[in-house]
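See structure below.
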Amino acid sequence: MPVRSAGAPHRTAHAPQVTETPEVRAALSWFSRNLSWINDQQVRITEIPAPPFQESARAEAVKALLTDCGLRVSIDKTGNVIGDLPGVTDKEIVMLTAHLDTVFPPGTEVKVRRDGDRLSAPGISDNGTGLAALIGIARAIHEAHIKPVRTILFVADVGEEGEGNLRGMRALVDAYRAKLKAAVVLDGSGTDHVTTKALASRRLEVLITGPGGHSWSDFGMPNPINALVRGSIRFINTKVPASPRTTFNLGQIEGGTSVNSIPYEAKLKVDIRSESEDELTKLEAALRESIAAGSRDEMESSRDRSKGKLEWKIDVLGTRPGGELAANSQLFASLRAADDYVGNQSRVERSSTDANIPLANGIEAISIGAGGTGGGAHSLQEWYEPTGREMGLKRALLTLLGVSGIAEEKSK
Ligand SMILES: [Zn+2]
């Protein structure tokens, strides 16, 4: 089938423009007429809990919605929902993705409260907005009968947040690596940014164990919490560079059984991030040295070492590799053309998102908000307001079609 040169993947990055066929105009105007339907899908999806590693109920609901968009939909063994829109060729694939999971544990109240236009619920914006946009865009393309050149996969993926460690996106890149040409990740609200640089990060868990005992009768035995505190103070005094920006966070601490027991274990979760993989490696080494020294200090100062000693270890809970989208890439040109078309300005950002995985594998990828305004992500006070959603939907659709290409309409 002949291909429209302006929308084809072979277009140069120097003259980016949006291909404005009647079908594309029909898809864009479908959004204007169906904004309240999209809001309703966002509410429905948000009210289905999707705690880490428990995304399957929400996945089934998204599968049904994508099936209604005329797609062949399957759920892979990792739990990703994949809706397939065949292009002129299936040798090249582009993906539009939104993550299913939230950071909220089972039992969190996720009923959406409506106050005027404002919708409030944990997960309403991150990633209720992205999921609603994924479905809205699939539906608009279906209603407008757009046939892409490259096959488009509409994907609701698992495991983006926290200890999910991007496992959904890792599985997708593994499965489609050879054919995958670009990934557009929809995450949260807004149209003010485009993430083209993947922030490298590691999540580590420190575990210190000891014999444990009674606070009075066993006083003087080595105490894992003391060791953890000693080591943590050493670590937080580590100097990190402002450039390349490098950060650390002691995010979670636990251990002990009661106030009058010497604990037998203490745990600490640490998140470290950097614009440079080298700095990340240095910082992880600093954490290991600090914890080793803290445990050693505690052992040396304990009066009674007869009942056992402290052991420590550090496990890597997750790593997110770094990477960067080339400034002259087709995907970046498509995004900028879409921004121009809808009259949007967006700044380039570095962040840790699902786009890290394709970017680290040399595949073009960006992460963008799906429009509207949101706030309080990862808190119980999370909210979303749909004003401005239409621009976000159009921007994402046009960016996607810029990299998928649009097949020329059949002669009438
Ligand atoms: Zn998110």
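Taking 19 Å as the cut-off, the amide N atoms of segment 234-269 that come nearer than this to a point 7 Å along the Cα-to-beta-carbon line of E163 belong to 249-257, 265-269. Short-range pairs are left out: with C-alpha atoms under 8 Å and at least six residues apart, the relative contact order of segment 59-108 is 27 percent.
From a point 7 Å beyond the Cα of N361 in the direction of its Cβ, which residues of segment 60-94 have a backbone N at a distance under 19 Å? Counting backbone N atoms under 19 Å from the label point, the list is 74-85, 90-94. Overall, the chain carries a charge dipole of about 540 debye about its Cα centre when +1 sits on the Cβ of Lys and Arg and -1 on the Cβ of Asp and Glu, all other atoms neutral. Stretch D68-A175 to full length: gain in nm at 0.36 nm per residue minus the Cα-Cα span? Gain on extension, D68 to A175, equals 36.0 nm. Among M221, A293, P244, which residue has its Cα furthest toward the positive end of the charge dipole of segment 216-302, with +1 on Lys/Arg Cβ and -1 on Asp/Glu Cβ? Towards the positive end, the residue furthest out is P244. A straight Cα-to-Cα reach below 18 Å connects K267 with the lysines K309, K313, residues fewer than 8 places away in its own chain not being considered.
Solvent-accessible surface of segment 370-412, averaged per residue with a 1.4 angstrom probe and all protein chains in place: 40 square angstrom. Working note: Karplus 6.51/-1.76/1.60 with θ = phi - 60° gives segment 204-216 the couplings 10, 10, 8, 10, 10, 10, x, x, x, x, 8, 5, 8 Hz, where Gly and Pro are set to x. Sort segment 245-373 into rounded, prolate or oblate with this rule: let a ≥ b ≥ c be the square roots of the eigenvalues of the Cα gyration tensor; rounded if a/c is under 1.5, and if a/c is not under 1.5, prolate when a/b is larger than b/c, oblate otherwise. Cα axes put segment 245-373 in the prolate bin. Amide H to amide H, with H built 1.01 Å from N, H193 comes under 5 Å of R347, G369, counting only residues 5 or more places away or on other chains.
For an R0 of 60 angstrom, estimate the FRET efficiency from the Cβ-Cβ distance between D90 and V259 and round to the nearest 0.05. Efficiency computed from Cβ-Cβ geometry: 0.40. The alpha-carbon of K77 sits under 20 angstrom from the alpha-carbons of these aspartates and glutamates, leaving out residues fewer than 8 places away in its chain: E55, E60, D101, D157, E160, E161, E163, D174, D354. Counting 0.36 nm for each residue step from I233 to D340 and taking away their Cα separation leaves a gain of 33.5 nm. Taking all protein chains into account, the per residue accessible area for segment 260-330 stands at 51 Å² (1.4 Å probe).
Straight-distance candidates among the aspartates and glutamates for linking to K147, with alpha-carbon spacing under 19 Å and chain neighbours fewer than 8 residues away dropped: E20, E23, D68, D84, D90, E92, E408, E409.
Rounded to a whole number, what % of the accessible area of the chain do carbon and sulfur atoms account for, probe 1.4 Å? Result for the chain: 49 percent of the exposed heavy-atom area is carbon or sulfur. Look at the dipole of the chain built from charges on Cβ: of L100, V184, L268, the Cα furthest out on the positive end belongs to V184. Close amide H contacts of N80 (hydrogens built in the peptide plane, cut-off under 5 Å, sequence separation of 5 or more or a different chain): V158.
Taking 0.36 nm per residue of separation and subtracting the Cα-Cα distance, full extension of the segment from K267 to A293 would add 7.8 nm. Considering only N328, N260, N127, the Gaussian network model of the chain with Cα springs below 10 Å gives its largest mean-square fluctuation to N260.
For the chain, relative contact order (Cα pairs under 8 Å, six or more residues apart, normalised by length) works out to 25 percent. For L180, the residues whose modelled amide H falls within less than 5 Å of its own, excluding neighbours fewer than 5 places apart on the same chain, are I93.
Normalised by residue count, the chain yields a Cα convex hull volume of 144 Å³ per residue. For the options N226, N39, N356, a Gaussian network treatment of the chain with springs between C-alpha atoms closer than 10 Å singles out N226 as fluctuating the most.
The shape of segment 91-189 comes out oblate: with a ≥ b ≥ c from the C-alpha gyration tensor, a/c is at least 1.5 while a/b does not beat b/c.
Segment 212-321 gives an Rg/Rh value of 1.05, both radii derived from C-alpha positions and Rh following Kirkwood.
With a cut-off of 16 Å, note down the residues of segment 106-125 whose backbone N falls inside the zone around a label point 7 Å from the Cα of T387 toward its beta carbon. Hits in segment 106-125 for T387 at 16 Å: 115-120.
The values are calculated or read from the model by the stated rules, or taken from the named source; none is laboratory data. Source: prediction; values computed, not measured. Counting neighbours? That spans all protein chains shown, and the Cβs are built from the backbone with ideal geometry, glycine included. Side chains are part of the model used for accessible areas, which takes the heavy atoms of the whole protein and leaves out ligands, DNA and RNA. Shrake-Rupley method; radii C 1.70, N 1.55, O 1.52, S 1.80 Å.
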